[in-house]
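**Student:** Here it is, the structure in full.
The values are calculated or read from the model by the stated rules, or taken from the named source; none is laboratory data. Because the structure is predicted, anything quoted here is derived from the model rather than measured. Don't worry about glycine lacking a Cβ; one is built from the backbone with ideal geometry, like all the others, and counts go over all protein chains shown. With ligands, DNA and RNA removed, areas are computed over all heavy atoms of the protein, side chains included. Shrake-Rupley method; radii C 1.70, N 1.55, O 1.52, S 1.80 Å.
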Amino acid sequence: MCGITGYTGKSDAVARLLSGLRALEYRGYDSAGVAVMDAQGAVHVVKTKGRLRALEERLEKCPVHGRCGIGHTRWATHGAPSDVNAHPHGTDRLYVVHNGIIENDRELRAELSARGYNFLSETDTEAAACTIDSAYAETGDPVAALCAAAKRLRGSYALGVIFLDHPNEIYAVREGNPLIVAEGGDGCMIASDIPAVLRFARDCYVMEDGEIACVREDGAEFFDCQGKPISKRAAAIEWNMEAAERGGFAHFMLKEIHEEPLVARQTLGRYVKDGLPDLRGAFDNGCERLTIVACGTAMHAGLVGKWLIERIARVPVEVCIASEFRYNEPVLSPNHCVIAISQSGETADTLAAVRLAKSLGVRTVGVVNVPGSSVAREVDQALITCAGPEISVASTKAYAVQLLMMYLTAVQLGLGRGTLSMERARQIVSGLMALPAAMEEVIREDAQIRRMAACLDETENCFFIGRGLDYPGAMEGSLKLKEITYIHSEAYAAGELKHGAISLITRGMPVVALSTQAALKEKMLSNMREVASRGARVLLLATPETKELASDADETFVLPATDELLTPATAAVAMQLLAYYAAVRRGCDVDKPRNLAKSVTVE
Ligand code: F6R
């Protein structure tokens, strides 16, 4: 989704804005732009469709200089990616960058057009800019204008605004989209996310919905939605710069896969004490039912969690795709607990699900990777995972630690409810402690996975199949492959394939078969034979216990020996590498796949 930066201070604004935007590239974008105020108070806008490199080229040809400005990477929602639709948008009084969606933009446009405003772009942002402009014309005060505009704008937004007659000041307002303010040595910044300010500051203010900031070279002031000054405390930034850089790897995705053993150790270090889970009392109040809300990869972690929690703790778990949750009139009872899983903590649907659960009086727990994010702040209890900044659009290391949290939750609940013996609990946790080494082994053996990836060179279609615990794992493997290689891939419960989808199997079509559960290996063997006899090429992920199935597969990767319960974590690493190498072989833009955004802050 769109990325916002803003800088005011002693240094060159363009360099600061570009460095911030570069750090936000991971969010996904299709155009970029900056508005910079020069020493005479004139504002210069340079913007273009395409990557940041295209913006840099424009800036090289027509340099602009100043010490205050706003920058933006756009992910199109209203109007195609184009130079005209790229942000900033403005009027003769102000310029605006925007992340989010203004839902009443048509109504606002009609009203503002009738009052003489001309619109140059198709964007909802221009409607926001003109709404602020009209309020500013009446009030003459930026904070009052933003308060008034906020009452008119419907939807979700984070806005960075510069007013021509308030030189060297940046104003910001948020409603439903993330925005931070950071004070550095030589000025202040606003940004959509922490990586944009990592080079610049060690702590930041996280803006809340309805708050307004006025940012100057020497600090920031904050106001509530009535324009009354409020005081805010800065929070320390836990992440370091190295974590947000590629560090010699060809892609962030590969670097982040390689980081999985480390971040798994860190997460276990935080949540395991004396060989048992310590989830900081998150589930101490007893819960009889759980609903997990999440999207995409995080939802797949939830599906693995459901399997584990139901088996180990005998608590019924429903996994809801967050975007469906609130429209499904969920049945929640007082002894219910809702767990929201989210890497970014800013996914609009997940956040909306948390808010709904809270409004229904249900306890909420968040498994969130970004400290200070909206989900982390709004849940009753946040369990922060330690994956550090995840830059690649395809989630890998965040998924690994989400899985670990699901294991710890299952064990904690199982102990609390007496469905799990202390001995087995310690055994599972000691298996978890050994997982990082097993992940390292998968990464070391990746030559074999590369060979498998070559089998995906020519294909446009693929299946992932698995049974039991391998089924949610197959769903995640399939998602990873399709999002970065554009191969159409479907995940099926292996036994379900023959009830319809097997008709799609054609000669040479790859079928990735996960068989990590010894009790199910014979059933899996039958399913592998069913597809092989229709011409499929079977790529098998097995364990030392199931590797005899290799004689019925075209290629096999044997995962390291672990407790069978833990194989989703090692299989995930193998499937992430499979998707990665397949994408590289196909020449895909691995870290920034087409049409995708890292942090989905619109519904
Ligand atoms: C896939 C992927 C997405 C996210 C989903 C939820 O690789 O990254 O499916 O998992 O958009 O995002 P978060 O976890 O930030 O809520």
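**Student:** Using a simple spin-label model with points 7 Å from Cα along the Cα→Cβ vector, what separation in nm is obtained for ASP12 and GLU324?
**Tutor:** 5.2
**Student:** When the Kirkwood hydrodynamic radius is evaluated over all pairs of different C-alpha atoms of the stretch 63-180, what value in angstrom, to one decimal, is obtained?
**Tutor:** About 14.2 Å, per the Kirkwood formula over Cα pairs.
**Student:** Next question. With respect to the cross-link table entries LYS397/LYS482; LYS521/LYS592; LYS255/LYS547; LYS358/LYS480; LYS61/LYS482; LYS547/LYS592, which display a Cα-Cα separation exceeding 27 Å?
**Tutor:** Flagged as over cut-off: LYS521/LYS592; LYS255/LYS547; LYS358/LYS480; LYS61/LYS482; LYS547/LYS592.
**Student:** Something else about it: Taking the chain, how much of its Cα-Cα pair set, in percent, is spaced more than 35 angstrom apart?
**Tutor:** Everything past 35 Å amounts to 41 percent.
**Student:** Still on this model: Within the stretch 506-567, report the trypsin sites (Lys or Arg not before Pro) that DSSP leaves as loop and that have at most 16 other Cβ atoms within 10 Å.
**Tutor:** ARG507, ARG534
**Student:** When the Debye formula is applied to the Cα atoms of the stretch 3-237, each taken as the same point scatterer, what base-10 log of I(q)/I(0) results at q = 0.09, 0.10 Å⁻¹?
**Tutor:** -0.31, -0.38
**Student:** With +1 on the Cβ of every Lys and Arg and -1 on the Cβ of every Asp and Glu, and nothing else charged, how large is the dipole of the stretch 364-450 about its Cα centre, in debye rounded to the nearest 20?
**Tutor:** Value, rounded to 20: 160 debye.
**Student:** OK, next. Please report the spacing between the Cα centers of the stretch 344-399 and the stretch 449-485 in Å, no decimals.
**Tutor:** Taking the Cα centre of the stretch 449-485 as reference, the centre of the stretch 344-399 is 27 Å away.
**Student:** Ok, one more. With Cβ to Cβ distances under 12 Å as the rule, what net charge do the other residues near SER344 carry (K, R +1; D, E -1)?
**Tutor:** With Lys, Arg at +1 and Asp, Glu at -1, the neighbours total -2.
**Student:** Here is a further query. Give the carbon-plus-sulfur fraction of the accessible surface of the stretch 150-303 in %, rounded to a whole number; probe 1.4 Å, heavy atoms of protein chains only.
**Tutor:** 47
**Student:** Additional query: Specify which residue in the list TYR117, ALA128, LEU268 is farthest towards the positive end of the charge dipole of the chain, using unit charges on the beta carbon of Lys, Arg (+1) and Asp, Glu (-1), about the Cα centre.
**Tutor:** LEU268
**Student:** Another question, if that's okay. Normalise the Debye intensity by I(0) for the stretch 5-83, one equal point scatterer per Cα, no solvent, then take log10 at q = 0.14, 0.15, 0.17, 0.20 Å⁻¹ and round to two decimals.
**Tutor:** -0.41, -0.47, -0.59, -0.80
**Student:** By the scheme Lys and Arg +1, Asp and Glu -1, what is the net charge of all other residues having a beta-carbon under 12 Å from that of GLY227?
**Tutor:** Around GLY227, the charge tally is -2.
**Student:** Counting pairs of Cα atoms in the stretch 246-442, how many percent are more than 19 Å apart?
**Tutor:** Counting every Cα pair in the stretch 246-442, those more than 19 Å apart make up 57 percent.
**Student:** Shifting gears a bit: Rank these residues by their accessible area, most exposed first, probe 1.4 Å: SER526, SER344.
**Tutor:** So, going from the largest accessible area down, we get SER526, SER344.
**Student:** Using alpha-carbon positions, what is the distance between the centroids of the stretch 558-603 and the stretch 131-151, in Å?
**Tutor:** Here the two parts' Cα centres lie 46 Å apart.
**Student:** Using a 1.4 angstrom probe, figure out how much accessible area the chain has per residue, in square angstrom, rounded to the nearest whole.
**Tutor:** On a per-residue basis, the chain sits at 37 Å².
**Student:** With equal scatterers on the alpha carbons only and no solvent term, can you work out the Debye log10 of I(q)/I(0) for the stretch 130-275 at 0.14, 0.22 1/Å?
**Tutor:** -0.76, -1.31
**Student:** Also, I was wondering about something else. Based on the mean of other beta carbon atoms within 10 Å per residue, what is the order of 268-275, 65-72, most packed first?
**Tutor:** Answer by packing, highest mean first, reads 65-72, 268-275.
**Student:** Of GLY587, THR419, HIS98, which is farthest towards the positive pole of the chain's charge dipole, taken about the Cα centre with +1 and -1 on the beta-carbons of Lys, Arg and Asp, Glu respectively?
**Tutor:** About the Cα centre, the residue reaching furthest to the positive side is THR419.
**Student:** Rounded to the nearest 20 Debye, what is the dipole magnitude of the chain about its Cα centre when Lys and Arg each give +1 and Asp and Glu each give -1 at the C-beta?
**Tutor:** My answer is approximately 740 debye.
**Student:** Could you name the aspartates and glutamates in cross-link range of LYS49, using Cα to Cα under 20 Å and dropping any fewer than eight places away on the same chain?
**Tutor:** The qualifying aspartates and glutamates are GLU25, ASP30, GLU57, GLU60, ASP83, GLU122, ASP124, GLU126, ASP589, ASP591.
**Student:** Calculate the dipole size of the stretch 3-237 relative to its Cα centre from +1 charges on Lys and Arg beta carbons and -1 charges on Asp and Glu beta carbons; express the result in debye to the nearest 20.
**Tutor:** Its charge dipole is roughly 440 debye.
**Student:** Right, here's the next one. Ratio of Rg to Rh for the stretch 445-588, alpha carbon only, Kirkwood?
**Tutor:** Here Rg/Rh amounts to 0.92.
**Student:** With just the Cα atoms defining each centre, how far is the stretch 9-61 from the stretch 238-286? Give it in Å.
**Tutor:** Each part reduced to its Cα centre gives a spacing of 33 Å.
**Student:** Let me ask another. On the accessible surface of the stretch 1-131, probed at 1.4 Å, how many percent belong to carbon and sulfur atoms?
**Tutor:** 51
**Student:** Give, in whole angstrom and from largest to smallest, the semi-axes √(5λ) of the equivalent ellipsoid of the stretch 268-332, with λ running over the eigenvalues of the Cα gyration tensor.
**Tutor:** 24, 14, 11
**Student:** While we're here: Quick check: from the Cα gyration tensor, does the stretch 97-157 come out rounded (a/c under 1.5), prolate or oblate?
**Tutor:** Here the stretch 97-157 falls in the oblate category.
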